[in-house]
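Take a look at the structure below.
The values are calculated or read from the model by the stated rules, or taken from the named source; none is laboratory data. Bear in mind the structure is a predicted one, so any value in this text is a computation, not a measurement. Side chains included, ligands, DNA and RNA excluded: accessible areas come from the protein's heavy atoms. Shrake-Rupley method; radii C 1.70, N 1.55, O 1.52, S 1.80 Å.
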Amino acid sequence: VAQENIEKFCEKMELDLKGNFHKPFYKLSGGMKQKMLIAIAFAKNTEAMMFDEPTANLDKQNSLGFIEMLSKLKELKKTVLIATHDILFDELDFVDRYVFLKDGEISA
């Protein structure tokens, strides 16, 4: 993965990469770790992406920024799987399908 791509997506996620460049990953806050992992995932530019609780540890503004980045993937015909407790995702225009689970059973 090209460093320029990671930097571009860190900027989109409002992560100050240069200011935190010399910190070990484990010393970053939960939100900073989440932003970094999202930036790396988008920088790889794969046909399919999978996220588990991608908006955990993100504030509302960054969650909306992530969702905006996701919406552009539909135009590129990318496949995205998301496991989340955030009910916002089922209301978005770019979501083709969703499954609700309750106690390990499909509820909707």
For the chain, set up a GNM with springs between Cα atoms under 10 Å and report which of THR84, THR55, THR46 has the largest fluctuation.
THR46
My understanding is that a pair violates if its Cα-Cα distance is over 31 Å; which of LYS33/LYS102; LYS27/LYS60; LYS23/LYS44; LYS44/LYS102 do that in this structure?
LYS44/LYS102
The chain: Rg to Rh, with Rh as the Kirkwood radius over Cα pairs:
0.99
Counting only heavy atoms of the protein chains, get the accessible area per residue of the chain (1.4 Å probe) and round it to a whole Å² value.
72
Carbon plus sulfur, as percent of the 1.4 Å-probe accessible area of the chain, comes to 53
Please report, in whole Å³, the volume per residue of the convex hull around the C-alpha atoms of segment 36-82.
66
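Relative contact order (percent) for the chain, with alpha-carbon contacts under 8 angstrom and 6 or more residues of separation? It would help to have the intermediate numbers written out before the result.
On the way: 92 pairs, mean separation 25.9, N = 108.
About 24 percent, as a whole number.
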For the chain, modelled as a Gaussian network with Cα springs under 10 Å, which listed residue fluctuates most, ILE82, ILE40, ILE67?
ILE82
